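The values are calculated or read from the model by the stated rules, or taken from the named source; none is laboratory data. The shown structure was predicted, so the numbers you read here are calculated from the model rather than taken from an experiment. Cβ placement follows ideal geometry from the backbone for every residue including glycine, while neighbour counts extend to all protein chains displayed.
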Amino acid sequence: MDFSRKLMVPPDKQIKLAKFDPADTLGYQNDKKIEAKLNKTIKRLDQLQDLLYAEKKRALLIVLQGMDAAGKDGTIRHVMSGVSPQGCSVKSFKVPNSQELAHDFLWRIHKAIPERGMIGIFNRSHYEDVLVVRVHKLVPKEVWKARYDEINRFERNLEENDVKILKFFLHISREEQEKRFQERLHDPRKKWKFSKSDAAERKLWDDYGTAYEAVLSRCSTEYAPWFIIPSDHKWLRNLAISRIIAETLEEFDMHYPKSPESS
Ligand code: ADP
């Protein structure tokens, strides 16, 4: 299956998340065969990343967004498990500090864009500036409303400068989120991950849903597409994301430089 085509949000399509099943398995079953397919893809990602690093012609930026407990950390751990740390960077975006707030919202983002040859992963991103910021009314409406176009322009500029962008929305159901919160509360190894604010954010589930729908409807473009990843099943989430990254890198048609001079 061509996961990219199947899960990509077409540009300018109005998205209603209720129409997307977070527990979708795309016809697959979590069996030995699918485990082998995932392992094969993860190995392939290592080869492709090595080529990307050798060529140094382009960078790949992977944006991960989703509700709390959607699995951003787990995705990074699994999908990138086979890739050399040398060619890969992870950046988590938290509440902006005073210096960051004194700049335009894209300033801290631009500084973290991976260089050519690298895969950069954003755990949260500039999209927080139209998600949490919108939901909590942290800036006036005119300000966040203008950001969708600003983001599209910014991403186009990156694409024109050899940064390929893939954006993944990890789509989980409310029930699955509740299940994962309960697990966190009861597992001593996971308890630290649970914060009181997670419970408060959960009450804003519908508001976040609306904010995500706006992002997916307005900011999925040919040059920087969004993908809606059914994420209630972690195995399907890992398979889909690793396949989409591999499919994208395959399309680059990369080759090892013949000699140091020609690189
Ligand atoms: P995570 O949940 O990603 O593991 P944290 O619990 O530290 O990590 O949460 C980071 C917090 O920072 C989130 O609540 C997120 O909404 C917030 N955040 C990120 N970017 C911004 C932003 N631009 N403005 C306000 N809050 C932000």
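Identify, please: which residue in region 194-206 is free of Cβ contacts under 8 Å to residues at least 12 places away in the same chain and surrounded by 10 or more Cβ atoms within 10 Å (Cβ to Cβ) and is, among those, nearest to the ligand (Cβ to nearest atom)?
The qualifying residue nearest to the ligand (Cβ to nearest atom) is Ser195.
Determine whether Pro188 is out of contact with any Asp or Glu (no Cβ under 9 Å at 6 or more places or on another chain), at pLDDT below 95 and not acidic (Asp, Glu).
Working: out of contact with any Asp or Glu (no Cβ under 9 Å at 6 or more places or on another chain): yes; at pLDDT below 95: yes; not acidic (Asp, Glu): yes.
Answer is yes for this residue.
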- [ ] Evaluate region 40-51: report whether one residue or more is touching a strand residue (DSSP E or B) at 6+ places or on another chain (Cβ under 9 Å), charged (D, E, K, R) and surrounded by 13 or more Cβ atoms within 10 Å (Cβ to Cβ).
- [x] no
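Whether any residue in region 167-177 is in a helix (DSSP H, G or I), within 15 Å of the ligand (Cβ to nearest atom), in contact (Cβ under 8 Å) with a residue 24 or more places away in the chain and not charged (D, E, K, R) is what I want to check.
The first filter runs over region 167-177 and keeps only residues in a helix (DSSP H, G or I), leaving 174-177.
Checking which are within 15 Å of the ligand (Cβ to nearest atom) leaves us with 177.
Keeping just the survivors that are in contact (Cβ under 8 Å) with a residue 24 or more places away in the chain gives 177.
Still in the running and not charged (D, E, K, R): 177.
Among the residues of region 167-177, at least one is in a helix (DSSP H, G or I), within 15 Å of the ligand (Cβ to nearest atom), in contact (Cβ under 8 Å) with a residue 24 or more places away in the chain and not charged (D, E, K, R), which makes the answer yes.
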Open item on the list: Condition first: within 12 Å of the ligand (Cβ to nearest atom), within 18 Å of the chain's Cα centre (by Cα) and not basic (Lys, Arg). Now tell me which residues in region 113-134 satisfy that.
Closed with: Phe122, Asn123, Ser125, His126, Tyr127, Glu128, Asp129, Val130, Leu131, Val132
